[in-house]
Amino acid sequence: VLRLTVALSNRGERGLQARDDFLAERTRFVQAMLDRAAGRGERPPDVLDVLDHVMAPMYIRVLFGAGPLTPDYIAGLVDRLLAQP
């Protein structure tokens, strides 16, 4: 995802629009999950917090080969986000 956004960013105005559209779609996907959680009576975090604390570390880990994305690793990211005040 990071490679795609960087590549699109370097392709002029059309690339920037494609990048923004792609990132907006990912954000809508996460927001829809959070909205479903709120509908169940849960208190979900903000969409930007999910992107910053869960999605970004996963992308960086994959891009730089910093280890596998195991279920335990991902659960730890989510647990840390949800434990924040």
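How about the range 46-79: which of its residues are surrounded by fewer than 14 Cβ atoms within 10 Å (Cβ to Cβ), of a type in the set (Val, Ile, Thr) and under 24 Å from Val6 (Cβ atoms)?
Within the range 46-79, just Ile60 meets the criteria.
Scan the range 28-37 and give yes if some residue there is touching a helix residue (DSSP H, G or I) at 6+ places or on another chain (Cβ under 7 Å), open to solvent by 40 Å² or more (accessible area, probe 1.4 Å), at pLDDT 95 or above and in a helix (DSSP H, G or I), otherwise no. Steps first, please.
Within the range 28-37, the subset touching a helix residue (DSSP H, G or I) at 6+ places or on another chain (Cβ under 7 Å) is 30-31, 34.
Checking which are open to solvent by 40 Å² or more (accessible area, probe 1.4 Å) leaves us with 31.
Those left that are additionally at pLDDT 95 or above: 31.
Imposing the further condition that a residue be in a helix (DSSP H, G or I) reduces the set to 31.
Yes, there is a match, as at least one residue in the range 28-37 is touching a helix residue (DSSP H, G or I) at 6+ places or on another chain (Cβ under 7 Å), open to solvent by 40 Å² or more (accessible area, probe 1.4 Å), at pLDDT 95 or above and in a helix (DSSP H, G or I).
Return the pair list, or none, for Cβ contacts closer than 6 Å from residues in the range 6-30 that are farther than 30 Å from Val78 by Cβ to residues that are modelled with pLDDT under 85 and not aromatic (Phe, Trp, Tyr), at least 6 apart or on different chains.
Going by the 6 Å Cβ cut-off, the qualifying pairs are Gly15/Leu8.
With Arg14, Arg43 as the choices, which residue is over 11 Å from the mean Cα position of the chain (by Cα), in a loop (DSSP other than H, G, I, E, B) and surrounded by fewer than 10 Cβ atoms within 10 Å (Cβ to Cβ)? Spell out how you get there, then give the answer.
Values: Arg14 fails: in a loop (DSSP other than H, G, I, E, B).
Just one listed residue meets the conditions, Arg43.
Test of understanding: among Ala56, Ala18, which residue is of a type outside the set (Lys, Arg) and under 29 Å from Gln84 (Cα atoms)? Walk me through it before giving the result.
Details: Ala18 fails: under 29 Å from Gln84 (Cα atoms).
Only one candidate passes the filter, namely Ala56.
Pull out all pairs, ordered by first then second residue, where Cβ-Cβ is under 8 Å, the residues are six or more apart or on different chains, the first lies in the range 71-85 and is without any contact (Cβ under 8 Å) to a residue 24 or more places away in the chain, and the second is assigned to a helix (DSSP H, G or I) and surrounded by 10 or more Cβ atoms within 10 Å (Cβ to Cβ).
Tyr73/Arg61; Ile74/Val54; Ile74/Met58
I need a count of the residues in the range 59-78 that are in a helix (DSSP H, G or I) and modelled with pLDDT of 90 or more. Spell out how you get there, then give the answer.
Here is the first cut: in the range 59-78, the residues in a helix (DSSP H, G or I) are 59-63, 71-78.
Applying the additional criterion that residues be modelled with pLDDT of 90 or more yields 71-78.
Total satisfying the criteria: 8.
Out of the residues in the range 1-11 that are outside any helix (DSSP H, G or I) and in contact with a helix residue (DSSP H, G or I) (Cβ under 8 Å, 6 or more places away or on another chain), state the one that is surrounded by the fewest Cβ atoms within 10 Å (Cβ to Cβ). Before you say what the answer is, go through the steps one by one.
We begin by selecting, within the range 1-11, every residue outside any helix (DSSP H, G or I); these are 1, 10-11.
Going one step further and asking which of them are in contact with a helix residue (DSSP H, G or I) (Cβ under 8 Å, 6 or more places away or on another chain), we end up with 1, 11.
Working: Val1: 14, Arg11: 12.
Here the answer is Arg11.
Please work out if Leu82 is aliphatic (A, V, I, L, M), surrounded by 10 or more Cβ atoms within 10 Å (Cβ to Cβ) and part of a loop (DSSP other than H, G, I, E, B). Walk me through it before giving the result.
On the way: aliphatic (A, V, I, L, M): yes; surrounded by 10 or more Cβ atoms within 10 Å (Cβ to Cβ): yes; part of a loop (DSSP other than H, G, I, E, B): no.
In short, no.
Tell me which of these Arg3 doesn't satisfy, since it passes every other one: (1) within 10 Å of the chain's Cα centre (by Cα); (2) over 20 Å from Leu77 (Cα atoms); (3) not polar (S, T, N, Q).
(1)
The values are calculated or read from the model by the stated rules, or taken from the named source; none is laboratory data. The structure presented is a predicted model; accordingly, all values stated were derived computationally and were not measured. As a convention, Cβ positions derive from the backbone with ideal geometry for all residues, glycine included, and neighbour counts pool all protein chains shown. Areas reflect the complete protein model, heavy atoms only, side chains present, ligands, DNA and RNA absent. Shrake-Rupley method; radii C 1.70, N 1.55, O 1.52, S 1.80 Å.
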